[in-house]
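A.B. asks: Sharing a structure, written as structure tokens. Questions coming.
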Amino acid sequence: MSEWEPKIAAFLCNWCSYGAADLAGVSRLQYPPNIRVIRIPCTGRMSPKFILSAFRNGADGVWVSG
Amino acid sequence: MITFKLNGKEVQGEEGQYILQVAEKYGVEIPTMCHHKALEPAGMCRLCTVEMFDGRRSRFVTACNYPIWEGMQIFTDTEEVHKGRKLIVEMLLARCPEVPMLQDLAKKYGIEKSRFKAEDDDCILCGLCVRMCQRMGNNAIELTGRGIEMVVDTPFHVQTDFCVACGACASVCPTGHITLEKINQNVTSRKNVRKIPSEYDMGLKGRKPIFVPYAQAVPNTPAIDRDTCMHFKTGGCKVCTEFCGVNAIKHDMEDEILELDVGSIILATGFEPFDPSKFDNYGYAKHPNVVTAMEFERILSASGPTMGHLVRSSDHKEPKKIAWFQCVGSRDINRCDNAHCSSVCCMYAIKESIIAKEHSGDDLDCAVFYMDIRTHGKDFERYYERAKTQGVRFVRSRVHTINPVPETDDLEVRYVLDSGELVKETFDMIVLSIGLQTPPELIQLANDLNIDLTTGNFCKTDTFSPVQTSREGIFVCGAFQGPKDIPQSVVDSSAAASAAGEMLSPARNTLTKIKEVVPEVNVIGERPRIGVFVCNCGINIGGVVNVPGVRDYAKTLPYVEYVTDNMYTCSQDTQEVMKDIITKNRLNRIVVAACSPKTHEPLFRETLADTGLNKYLFEMTNIRNQNSWVHKNNPDIATQKAKDLVRMAVTKVALKEPLPEAELSIGQTAMVIGGGITGMSTALSFARQGYETHLIENTDRLGGNALTLYKTWKGENIQEKLKGLIDQVSREENLKIHLNTTLASVEGFVGNFKSTLASQGKEDVIEYGVAVIATGASEFKPVEYMYGKDPRIVTSQELDRKLIGNDPVLNSLNTAVFIQCVGSREPERPYCSRVCCTHSVDSALELKRRNPGMNVYILNRDIRTYGERETLYKEAREAGIIFIRFTRENKPVVAIEDGVVKVKVTDHILGMPLEIETDLVNLASAVIPPRDEKLAQFFKVPLNDDGFFVERHAKLGPSEFATDGVFLAGLAHYPKPIDESIAQGMAAASRAVTLLAQKTIHTNGEIAKVNPALCSSCGVCISICPYKAPSFIPDDARFFPGKAEINPALCKGCGLCVASCRSGAIGLKGFDNDQIFAMIEAI
């Protein structure tokens, strides 16, 4: 099990968290490569269906940030 | 071209190239320790030995310095070669057993322990340092001695001036034999050479001679510092040119002098932070733990020298106690010549203390030593109160000296409290809140331009033309005009643009070029033909991610017709190449895997549009900021992640549709609501820039609050100036004044507003493109201090009325008392009214001028004469005006006893109650907004808790609303004096003109759209939309009456309605359900 790495679907708001993720890059902060970012225009766009769909498609975690 | 065989494969190289260079080009790895791309090869380490077959026999040659020739055959991977290399490693390891690089190599070649006798050297005599030193043009070191005595040394073992301690030798040493520390010991201690201080990190960190000034710099291109670059010292080096893949470095570029014909000049030259090194009493130059506020900003910053970890410089210990000293280099004519208040330091010190606590936890003890806390900006007073509740200590005391505590790195201070008590306290760190001042070169510039400066060396301006310098056509904004914070600087800059625009409006658009629009190609119904462009971003992406691998992977994805990788996808020439590729391959969907869409999406969309492709048929995926930069040590995983991201983007883009953008015309008329000084300035600015303007005033005359104001703090007569302004407004042709008029309705949206104006029973409809709210505020009618009980107790505006009318009462006064913060900085009104301190000090001086013998008292909580207004405060003290401080808990009491007005207050120095019999009490009453909810509703703009309108952005958008086409200025935004009101009025006009000048704008294509067949008319979208974009289709409409529709001009594309539509009737173009689901499925 020690080899197992989770896959996390990250829904990031274009205006804040996505920008923050860009800034983390600019600052060269290092973090684990397990997230796959899906940019959304606002967390207001977020639908519970997206979360369910992510789990159904094999995501081990879902992160919504905005 | 020379053709030869490399490991049996035919390869080509150029005449004069060495085997190693060609092998590198073809991706064949040959190990080497002494090779450097920028230096002539020397064949020192022998590790690159390969086998060469010349047609007759085989022999071993060193790949780094053996030139290629036609027909040769090279083998890099034979058993013989490996055996030879293993032996070399073994010998080197024996010489330098402790060098990590050799230990790694030994492991690779399966050597556990060298068979040869171990020595304890750490130099492998690769000669890189010597060759590099030569290349630098210095020739300070040499390989001296022969055979086994050979060492790297200076000739005759003597230190000479040839060594300039540039550190180039250390930078190439593979083993750690030469280090910067050793250079420092041997050379720099005598030469006083130090690291190149990073300007951005305030010298807390070093930087290279080639550097990007800071991560967010625009343009984000490195620059060469000619003062430190070795090439400019010796003519040597130029190593950088060998590494720059695009040959962008030109050392022979010279400064150019450009001559520009301009109609006006705007000075936005800023300030310099005060340098406290000359204050020996604070020991800033001596104690590393005494830092300036600018240095502390960097220490707090995540991109700063300590990566945002709050530690002190001397021992990297986390501080437990930090003190801030206010007014260092401000309000000080004793130790420096800065009489002014720098306006921003109180607020930034409070901010730093709160952020420091956020970094280090609540037990960090923060103490701010101050004279007056000046939090006069919008929402600043609340922030100050918040700091107090979070435990930041505010100590009213000016500390004289900082003493280091012997044997420690701590700092001891002694200070006196109001009560006279002497306190000794030790801090781990002390932050000097340094002030703002005009640098000498700017004073020189002002002289050269022949513009006047104030006594404090700021640019001299008039209250009624706040951005106009003393020379026509030259304008000023920002801290050169006077010390000020970001919002005020932003206001100023827009105002200066407006002032220049007024002058130059006849020439508007005469130098603009119109871009040709390529007709759009219809791709609807076509099978997707996707092009994927993967960016190397130099080595930013390519250095971590296997870009060719990602590119080849993209080729395997469905509908992908074309893939390529670019060195810099965003470069101008790549755009041309992309256009060609799109057209030639008839691509109809594009994916760019590069940096962030937030910065580069508009560029690529434009490239698409230039080929006739709808710009929304594009998807960008971020494999730099969110991948290569953050997973540097995991190239394999980062490559896999890049592939995943490309797959997700490709899947989404296949589902993208061309989106239309509605074109909106911008009505070329402006409406300004409010006929005070602000509104008039705004309207005048519009009219002078050639726009028809309506100025709406609900009373019967123009002027607003200014009608009852006497003089500005600079001594200008307000009534005279006001009359002049009203004259100008009345004479302006493009400007229509509507007195006794109120707004009865507002319809429409940016560029297309329509309002009914109600004026004395009549109604008038006007159409306009932009609106400015300048509805002002008014003086609070006090409810305390016996106001209204006696004619001798008046408000500031009432006193001004007496001064304007030369009321004879004023000539016979013996005593006057001013009471500050009446209705301001109270729990029910927790903001500072900004104008009252200066107003009272100014009125007090006026009374003193009229009756030099009279006693004048100003009872205050803090005196907030910010900027150069501080000189007025000084003048008042010199004139004998007495300032007595009180607290909110212990306010003065006004009583009328036997017809005598008495003010009782506790003197803050004596600690004793005082009773002042007075002829006049002036209550410096708050500025209160009308809380015009109706107007707010009309334009869908927000009000804050205090009743002021809320701007788009507190710092960067102070004169506009988040609602497009609606702007804001004057007291409706926040209390402010006349000069700032006028500047903001001009700023609002400036921001609005940026819209008006476009004549048409395009709405965003990525917006919500209702499928009326599915809509159940529930109205959730209408109630939930923050922008009022959805509405019901009228009942009498021919199609879908009663269903929801969305106004594309108002929709911001947030998708809130989409997620909340219970019928699933709303989709969000560009982020539709199927597109997001497709991305999720592709994860």
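A.B. asks: Within region A:31-51, restricting attention to residues that are at the interface with chain B (Cβ under 8 Å from one of its Cβ atoms) and in contact with a Cys (Cβ under 7 Å, 6 or more places away or on another chain), which residue is surrounded by the most Cβ atoms within 10 Å (Cβ to Cβ)?
C.D. replies: Step by step, filter region A:31-51, then rank; the result is A:40.
A.B. asks: Sort through B:706, B:683, B:758 and tell me the only one that's assigned to a helix (DSSP H, G or I), closer than 30 Å to residue B:1028 by Cα and modelled with pLDDT of 95 or more.
C.D. replies: Selected residue: B:683, the only one of B:706, B:683, B:758 that is assigned to a helix (DSSP H, G or I), closer than 30 Å to residue B:1028 by Cα and modelled with pLDDT of 95 or more.
Condition check ((1) surrounded by 17 or more Cβ atoms within 10 Å (Cβ to Cβ); (2) farther than 27 Å from residue B:667 by Cα; (3) β-branched (Val, Ile, Thr)) across all residues:
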| position | (1), (2), (3) |
| --- | --- |
| B:991 | yes, no, no |
| B:998 | no, no, no |
| B:1023 | no, yes, no |
| B:1028 | no, no, no |
| B:1041 | no, yes, no |
| B:1049 | yes, no, no |
| B:1072 | yes, yes, no |
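A.B. asks: Here's a check for you: in region B:681-703, which residue that is hydrophobic (A, V, I, L, M, F, W, C) and over 32 Å from the mean Cα position of the chain (by Cα) is nearest to residue B:764 (Cα to Cα)?
C.D. replies: Applying the filter and picking the extreme gives B:696.
A.B. asks: Picking from B:534, B:517, B:544, B:521, which residue would you name as being crowded, with 22+ Cβ neighbours inside 10 Å, farther than 30 Å from residue B:982 by Cα and modelled with pLDDT under 95?
C.D. replies: B:544
A.B. asks: With respect to residue B:837, determine if the residue is among the hydrophobic types (A, V, I, L, M, F, W, C), in contact (Cβ under 8 Å) with a residue 60 or more places away in the chain and part of a helix (DSSP H, G or I).
C.D. replies: In short, yes.
Residues are listed down the side, and each one gets a yes or a no for (1) out of contact with any Phe, Trp or Tyr (no Cβ under 6 Å at 6 or more places or on another chain); (2) closer than 30 Å to residue B:460 by Cβ:
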residue	(1), (2)
B:303	yes, no
B:339	yes, yes
B:349	no, yes
B:356	yes, no
B:364	yes, no
B:386	yes, no
B:404	yes, no
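A.B. asks: With the requirement that a residue be over 30 Å from residue B:847 (Cα atoms) and free of Cβ contacts under 8 Å to residues at least 60 places away in the same chain, what does region B:684-721 give you?
C.D. replies: Result: B:684, B:687, B:692, B:693, B:695, B:697, B:698, B:699, B:700.
A.B. asks: While we're here: Within region B:686-703, can you find the residues that are outside any loop (DSSP other than H, G, I, E, B) and of a type in the set (Gly, Ala, Ser)?
C.D. replies: Residues satisfying the conditions are B:687, B:703.
A.B. asks: Give me a count of the residues in region A:10-25 that are out of contact with any Phe, Trp or Tyr (no Cβ under 7 Å at 6 or more places or on another chain) and buried (at least 20 other Cβ atoms within 10 Å of the Cβ).
C.D. replies: 5
A.B. asks: Anything in region B:126-176 that is in contact (Cβ under 8 Å) with a residue 60 or more places away in the chain and over 44 Å from the mean Cα position of the chain (by Cα)? List them, or say none.
C.D. replies: If the condition is that a residue be in contact (Cβ under 8 Å) with a residue 60 or more places away in the chain and over 44 Å from the mean Cα position of the chain (by Cα), then B:126, B:127 are the ones that fit.
Table: residues versus (1) modelled with pLDDT of 90 or more; (2) assigned to a loop (DSSP other than H, G, I, E, B); (3) on the phi > 0 side of the Ramachandran plot; (4) not aromatic (Phe, Trp, Tyr).
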| site | (1), (2), (3), (4) |
| --- | --- |
| B:16 | yes, yes, yes, yes |
| B:20 | yes, no, no, yes |
| B:30 | yes, yes, no, yes |
| B:35 | yes, yes, no, yes |
| B:51 | yes, no, no, yes |
| B:55 | no, yes, yes, yes |
| B:70 | yes, yes, no, yes |
| B:97 | yes, yes, no, yes |
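A.B. asks: Taking region B:239-260 as the region of interest, how many residues are outside any helix (DSSP H, G or I), free of Cβ contacts under 8 Å to residues at least 40 places away in the same chain and surrounded by 11 or more Cβ atoms within 10 Å (Cβ to Cβ)?
C.D. replies: Residues that pass the stated criteria total 3.
A.B. asks: Also: Residues to consider are B:772, B:765, B:783; find the one that is surrounded by 15 or more Cβ atoms within 10 Å (Cβ to Cβ) and either not in a helix (DSSP H, G or I) or not hydrophobic (A, V, I, L, M, F, W, C) (or both).
C.D. replies: B:772
A.B. asks: Among what's in region B:671-728 and is of a type outside the set (S, T, N, Q) and in contact with a Pro (Cβ under 9 Å, 6 or more places away or on another chain), pick the residue that is surrounded by the fewest Cβ atoms within 10 Å (Cβ to Cβ).
C.D. replies: Among those residues, the one meeting the criterion is B:690.
A.B. asks: While we're looking at this one, here's another question. Which condition from (1) among the hydrophobic types (A, V, I, L, M, F, W, C); (2) over 18 Å from residue B:638 (Cβ atoms); (3) more than 9 Å from chain B (Cβ to nearest Cβ); (4) under 12 Å from the mean Cα position of the chain (by Cα) is the one that residue A:55 breaks?
C.D. replies: Exception for residue A:55: condition (4).
A.B. asks: Based on what the data block shows, is residue B:101 surrounded by 14 or more Cβ atoms within 10 Å (Cβ to Cβ), part of a loop (DSSP other than H, G, I, E, B), in contact (Cβ under 8 Å) with a residue 40 or more places away in the chain and not β-branched (Val, Ile, Thr)?
C.D. replies: No.
A.B. asks: Take the residues in region B:530-545 that are hydrophobic (A, V, I, L, M, F, W, C) and assigned to a strand (DSSP E or B), then tell me which one is farthest from residue B:641 (Cα to Cα).
C.D. replies: B:530
A.B. asks: Could you look through region B:1041-1083, keep only residues that are in a strand (DSSP E or B) and within 13 Å of another protein chain (Cβ to nearest Cβ), and pick out the one that is farthest from residue A:60 (Cα to Cα)?
C.D. replies: Within region B:1041-1083, the match that is farthest from residue A:60 (Cα to Cα) is B:1066.
A.B. asks: For region A:14-30, what are the residues that are of a type outside the set (Phe, Trp, Tyr), within 9 Å of chain B (Cβ to nearest Cβ) and either touching a helix residue (DSSP H, G or I) at 6+ places or on another chain (Cβ under 8 Å) or assigned to a helix (DSSP H, G or I) (or both)?
C.D. replies: Within region A:14-30, A:14, A:19, A:21, A:22, A:23, A:24, A:25, A:26 qualify.
A.B. asks: Find all pairs meeting these conditions: Cβ atoms under 6 angstrom apart; at least six residues apart or on different chains; first residue within region B:616-642 and at the interface with chain A (Cβ under 8 Å from one of its Cβ atoms) and free of Cβ contacts under 8 Å to residues at least 40 places away in the same chain; second residue assigned to a helix (DSSP H, G or I) and charged (D, E, K, R).
C.D. replies: What qualifies is B:625/A:22.
A.B. asks: Something else now. Collect the residues in region B:207-232 that are more than 17 Å from residue B:171 (Cβ to Cβ) and outside any loop (DSSP other than H, G, I, E, B), keeping them in residue-number order.
C.D. replies: Answer for region B:207-232, where residues must be more than 17 Å from residue B:171 (Cβ to Cβ) and outside any loop (DSSP other than H, G, I, E, B): B:223, B:232.
A.B. asks: Here is a further query. Residue B:794 - would you say it is in a strand (DSSP E or B), out of contact with any Gly (no Cβ under 7 Å at 6 or more places or on another chain), closer than 30 Å to residue B:980 by Cβ and modelled with pLDDT of 95 or more?
C.D. replies: Yes: the conditions hold for residue B:794.
A.B. asks: Does region B:1010-1025 contain any residue that is part of a helix (DSSP H, G or I), facing chain A (nearest Cβ under 10 Å) and either under 30 Å from residue B:956 (Cβ atoms) or not hydroxyl-bearing (Ser, Thr, Tyr) (or both)?
C.D. replies: Yes, region B:1010-1025 has at least one match.
A.B. asks: When region B:546-578 is examined, which residues are found to be assigned to a loop (DSSP other than H, G, I, E, B) and more than 30 Å from the chain's Cα centre (by Cα)?
C.D. replies: Result: B:546, B:556, B:557, B:558, B:559.
The values are calculated or read from the model by the stated rules, or taken from the named source; none is laboratory data. Please read all numbers here as calculations on a predicted model, not as lab measurements. Here the Cβ is made from the backbone with ideal geometry for all residues, glycine too, and neighbour counts use every protein chain on show.
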